[in-house]
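A short worksheet on the structure shown next.
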Amino acid sequence: MYRTLVLAALAGMVAAGPALAAGASCSTAPKSQFKPKATLEAQLTGEGLTVRQIKVEKGCYEVYAVDKAGKKVNLAYNAETLEKLDNAEAGEN
């Protein structure tokens, strides 16, 4: 019985993980609490991206970059936490 409960709880957490991550959104904090753009740029450079521009839009950092294969990418991050958002146009909504 105990084993069944533990397995059911673990299955529930695994299933809920992507749903919780999808809830990420732009920051509502004041700009003074945003992490520096340079921190995000260093993080992305470390991941192999060449950053072309980082814009602030409604609590999000919108990033225009080029990946290792030369493909242009558009990404969005919460400006306060630097958490990557699923919607690259999050700050524009």
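Taken together, the values in this text are just the output of simple stated rules run on the coordinates, not laboratory data. No experiment lies behind these values; they were computed from the predicted model shown. Here the Cβ is made from the backbone with ideal geometry for all residues, glycine too, and neighbour counts use every protein chain on show.
Here are a few things to note about the model shown:
- Within the range 70-91, the set of residues being surrounded by 13 or more Cβ atoms within 10 Å (Cβ to Cβ) and over 18 Å from Gln43 (Cα atoms) comprises Asn87, Ala90, Gly91.
- A search for C-beta distances below 9 Å between a residue of the range 53-82 that is over 15 Å from Lys37 (Cα atoms) and any residue that is of a type in the set (Phe, Trp, Tyr) and outside any loop (DSSP other than H, G, I, E, B), counting only pairs 6+ apart in sequence or on different chains, returns Lys72/Tyr64; Val73/Tyr64; Asn74/Tyr64.
- Residue within the range 40-52 that is surrounded by 14 or more Cβ atoms within 10 Å (Cβ to Cβ), part of a loop (DSSP other than H, G, I, E, B) and small (Gly, Ala, Ser) present: no
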